[in-house]
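Worksheet: one structure, shown below.
The values are calculated or read from the model by the stated rules, or taken from the named source; none is laboratory data. Just so it is clear, the model here is predicted, and its values are computed rather than measured. Every residue, glycine as well, gets a Cβ built from its backbone with ideal geometry; the counts of neighbours run over all protein chains shown.
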Amino acid sequence: MGGQPVAITTFTQLMDEARRVGPKMIAVAAPHEPEILLGAQDAEREGIANCTLVGDRDLIKKMAAEHSIDISKMMIMHEPQPKLAARKVMELLRMGHADLAMKGKLETADFLRAALDRETGVRVGRLVSHVAVFEVPGFDRLLFVSDSGVVVAPTLEQKVDIVQNAIMVAQALGVKEPKVAILAATETVNPKIPTTMDAANLSKMAERGQIQGAVVDGPLALDNAISPESVAIKGIRTSLGGQADILIAPDVEAGNMLAKAITYFAKGKMAGVVVGGKSPLVVASRSDPHETKLVSMALGVILAS
């Protein structure tokens, strides 16, 4: 990483760091949408990436021409079938011809299926999980949320990997010892609410060194995780002090709702990446503007360094 001395706290700083460590080669699977091509164009112009487009050559060129997008420096590998394009992208990663991959216009499940294929994918024996990074108005730091997109109903064992993956992403952005809140509906351990039991176990596992590189506490309700005032009013004893960097959701539904709420209610800006494999995977939502895709690519570039 080159270890920047201070934590990255804004997306402007994140882009600066990506420029410093880039450009990296990004292979894009089925880039058959203008927003994806715009993101690729901007990534090249910003000096963070060079892009290889794997998809329908004629369609890509037609879209680029219609929307005045410059793809003149990008290599295009012709593969009109999106599922096969995803497999070809993973092949580029495995052979070292690309540093990270990005999902274009194909189902996330198909993209991840290609990534996780035991024979031809990029898995390395670890759980892969999605880490969303948010720049939220009014916060003095970036917030990391996981898992909001990959592991549907994680077991305790899987949650250990989800936490460790999120810690790795935070550390790559200069947060030396991130504060991790394991979220639940309440801050008390209740045998009738299994997620509180998981949270308590994760907290104890971190104490025993089974999760490393962070301060982990839970169960915590969302307000107690991010609001020192809430912690003080409720008199909660927590090592995080309402200053969590990482929020671990109990399942993919809660994580997805939290991520969307931050984006649509709090006007937070998001970057997202799937980690745990051989290379970072940029899996942006189709509704994300190209600015979101660009900063997600920047995050992937930093993680690929």
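Within segment 155-209, the set of residues being surrounded by fewer than 21 Cβ atoms within 10 Å (Cβ to Cβ), part of a loop (DSSP other than H, G, I, E, B) and either charged (D, E, K, R) or touching a residue at least 60 places away in the same chain (Cβ under 8 Å) (or both) comprises Gly174, Lys176, Glu177, Lys192, Arg208. Look at segment 57-82: where a residue is in the same structural domain as Glu44 (by TED's automatic domain parsing) and loosely packed, with under 13 Cβ neighbours inside 10 Å, no partner that is modelled with pLDDT under 95 and acidic (Asp, Glu) sits 6+ places away or on another chain with Cβ atoms under 9 Å.
Out of segment 87-116, which residues are among the charged types (D, E, K, R), part of a loop (DSSP other than H, G, I, E, B) and over 26 Å from Val21 (Cβ atoms)?
Taking segment 87-116 and keeping what is among the charged types (D, E, K, R), we get 87-88, 91, 94, 99, 103, 105, 107, 110, 113.
Narrowing the set further to residues that are part of a loop (DSSP other than H, G, I, E, B) leaves 99, 105, 107.
Within segment 87-116, Lys105, Glu107 qualify.
Among all positions in segment 177-190, there is at least one residue which is within 25 Å of the chain's Cα centre (by Cα) and β-branched (Val, Ile, Thr). Within segment 252-305, track down each residue that is over 11 Å from the mean Cα position of the chain (by Cα) and polar (S, T, N, Q). Those that are over 11 Å from the mean Cα position of the chain (by Cα) and polar (S, T, N, Q): Asn256, Thr263, Ser279, Ser285, Ser287, Thr292, Ser305.
Test Leu143 against the criterion of being surrounded by 17 or more Cβ atoms within 10 Å (Cβ to Cβ) and either under 30 Å from Arg123 (Cβ atoms) or not polar (S, T, N, Q) (or both), and give yes or no. I'd like the intermediate steps shown before the answer.
Working: surrounded by 17 or more Cβ atoms within 10 Å (Cβ to Cβ): yes; either under 30 Å from Arg123 (Cβ atoms) or not polar (S, T, N, Q) (or both): yes.
Here the answer is yes, as Leu143 does meet what is asked.
Among the residues making up segment 250-288, those that are exposed (fewer than 13 other Cβ atoms within 10 Å of the Cβ) and among the hydroxyl-bearing types (Ser, Thr, Tyr) are Tyr264, Ser287. When the test is whether a residue is modelled with pLDDT of 95 or more and either farther than 19 Å from Thr238 by Cα or outside the structural domain of Ala214 (by TED's automatic domain parsing) (or both), Gly174 passes it. Out of all the residues in segment 276-291, which are touching a strand residue (DSSP E or B) at 6+ places or on another chain (Cβ under 6 Å) and not in a loop (DSSP other than H, G, I, E, B)? Answer for segment 276-291, where residues must be touching a strand residue (DSSP E or B) at 6+ places or on another chain (Cβ under 6 Å) and not in a loop (DSSP other than H, G, I, E, B): Leu281, Val282.
Out of all the residues in segment 216-235, is one or more out of contact with any Lys or Arg (no Cβ under 7 Å at 6 or more places or on another chain) and within 26 Å of Gly125 (Cβ to Cβ)? So that I can check it myself, show each step before the final result.
Narrowing segment 216-235 to residues out of contact with any Lys or Arg (no Cβ under 7 Å at 6 or more places or on another chain): 216-223, 225-235.
Applying the additional criterion that residues be within 26 Å of Gly125 (Cβ to Cβ) yields 216.
Yes, segment 216-235 contains a residue that is out of contact with any Lys or Arg (no Cβ under 7 Å at 6 or more places or on another chain) and within 26 Å of Gly125 (Cβ to Cβ).
Put simply, of Arg118, Arg123 the only residue that is surrounded by fewer than 22 Cβ atoms within 10 Å (Cβ to Cβ), in contact (Cβ under 8 Å) with a residue 40 or more places away in the chain and at negative phi is Arg123. Which residue is nearest to Arg286 (Cα to Cα), if the candidates are limited to segment 129-140 and must be surrounded by 24 or more Cβ atoms within 10 Å (Cβ to Cβ) and among the hydrophobic types (A, V, I, L, M, F, W, C)? For segment 129-140, the residue satisfying everything is Ala132. Summed over segment 1-39, residues that are crowded, with 18+ Cβ neighbours inside 10 Å and in contact with a His (Cβ under 9 Å, 6 or more places away or on another chain) total 7.
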